[in-house]
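Each value in this text was obtained by applying a stated rule to the coordinates, not by laboratory testing. These numbers were taken from a predicted model, which means no experiment stands behind them. Using ideal geometry, Cβ is built from the backbone for each residue, glycine included, and neighbour counts are taken over all protein chains shown.
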Amino acid sequence: HLYESSQVYKDYYLRMREDHPERLMILDNSAYEFFIKGETLNMDGYVDAINDLNPDMYILPDTLMNMEKTLKRNSKK
């Protein structure tokens, strides 16, 4: 969520990735942050962040407190 909303945050991690490509980078989907604010993940924005950062790993989107919805959402593709 901060990658989308803060240019300073985005620039920091893009620079970190460029300056230290050997470091492990894991991109979280911010499901909890969206959940506590009553918002939902902007999937297009998340995919853009994955493509920009090229992380070593990224966390699949989940729906907190709803296992069935999480499983259904992630099995569509």
Considering only segment 6-58, state which residues are within 23 Å of Arg73 (Cβ to Cβ), loosely packed, with under 12 Cβ neighbours inside 10 Å and among the hydroxyl-bearing types (Ser, Thr, Tyr). Thr40
Hits in segment 1-38 - residues which are farther than 20 Å from Met57 by Cβ and in contact (Cβ under 8 Å) with a residue 12 or more places away in the chain: Phe35
